[in-house]
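Written below as structure tokens is the structure these notes are about.
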Amino acid sequence: MSIGSELTAARERADMTIEQLSTSTRIRSGLLVAMEADDFSRCGGNFYARGHIRAIARVVKADPEALLAKFDESHPAPQPDRVRREERASDKRPTLHSARPRWGLVLGAILVGLMGWGIMRLFTLPNDVEANASKTTPTPAVTTPAPKPSAKPSAKPTTPAKPPAPFRTKLSLTARGDGSYVTIRNSKGLKLFQGVLGPGSTQTINYAGEIRVTLESGANITVYINGTKVTPPAKRFTILPTGKLATPND
């Protein structure tokens, strides 16, 4: 009986299918079918084939040594001489190496070129210096004229004095009794104030110029000019820019 038949009989005694054995041993089912057909070429060599046989024997409860002995009878190990010849042939195969630049030669050539240039400059340098010295022309002296004394600054112009601020008249009107309707204008008729002054109220105006006042009820208004109480000559009166009441003849 061949090793393939032995494997088939052992699997059937364990009452297992190819798929069940493949699951338990983690060997592909196609490879198991080939092994039971005595085709071990798909195992990758005797070493792997013996490992598969041991795994199968462990799962199906068979004697692995008996199965391995049966396998060795039909699949002897390769001859050592043949193996050695194959190894020597593989060692003698030419090995390709990537070409590397020879940096040593390149650096050597650069150093030789630099040394030659340095020696040449060493012997030609004195002649170059003498030639340049003979070609040098004297630099003419430049005389800088002495600076002229600057003129003294003239006196600053006198700033004219500012004109005094115009006199401003302070007019205060305080209502008493029932109050009064009041109109205050300047000399051009522009209204400075117009309205009713109720009892106890005060209207104050500061103005630089002539002030014209009209009182509807002069008896109910007390007039103060620049803080001084005055008595107007009539309901309509004028305060001059000097702060004085204009007389009827003005």
Identify, by number, the condition in (1) modelled with pLDDT of 90 or more; (2) under 60 Å from the mean Cα position of the chain (by Cα); (3) among the polar types (S, T, N, Q) that Ser180 doesn't meet. (2)
What are the residues in the stretch 215-243 that are touching a Pro at 6+ places or on another chain (Cβ under 7 Å), in contact (Cβ under 8 Å) with a residue 24 or more places away in the chain and of a type outside the set (A, V, I, L, M, F, W, C), if any? Gly218
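Let's see how each residue does on (1) acidic (Asp, Glu); (2) open to solvent by less than 60 Å² (accessible area, probe 1.4 Å); (3) at pLDDT 90 or above:
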{"position": "Ile184", "(1), (2), (3)": "no, yes, yes"}
{"position": "Gly195", "(1), (2), (3)": "no, yes, yes"}
{"position": "Gly200", "(1), (2), (3)": "no, no, no"}
{"position": "Gly209", "(1), (2), (3)": "no, yes, no"}
{"position": "Thr222", "(1), (2), (3)": "no, yes, yes"}
{"position": "Gly227", "(1), (2), (3)": "no, no, yes"}
{"position": "Pro233", "(1), (2), (3)": "no, no, no"}
{"position": "Arg236", "(1), (2), (3)": "no, no, yes"}
Give, as residue ranges, the helices (runs of 4 or more DSSP H) completely inside the stretch 1-114 that count at least 1 residues that are at pLDDT 90 or above. 3-13, 18-25, 29-36, 46-60, 64-74
Can we say Leu215 is surrounded by 15 or more Cβ atoms within 10 Å (Cβ to Cβ) and in contact with a Ser or Thr (Cβ under 6 Å, 6 or more places away or on another chain)? yes
In the stretch 15-56, what count of residues is obtained for those that are among the hydrophobic types (A, V, I, L, M, F, W, C), closer than 18 Å to Leu68 by Cβ and open to solvent by 30 Å² or more (accessible area, probe 1.4 Å)? 1
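The values are calculated or read from the model by the stated rules, or taken from the named source; none is laboratory data. Remember, it's a predicted structure, so these values are computed and weren't measured experimentally. Glycine also receives a Cβ, built like all others from the backbone with ideal geometry; neighbour counts cover every protein chain displayed. Just so you know, the surface numbers come from the protein's heavy atoms only, side chains and all, with ligands and any DNA or RNA stripped out. Shrake-Rupley method; radii C 1.70, N 1.55, O 1.52, S 1.80 Å.
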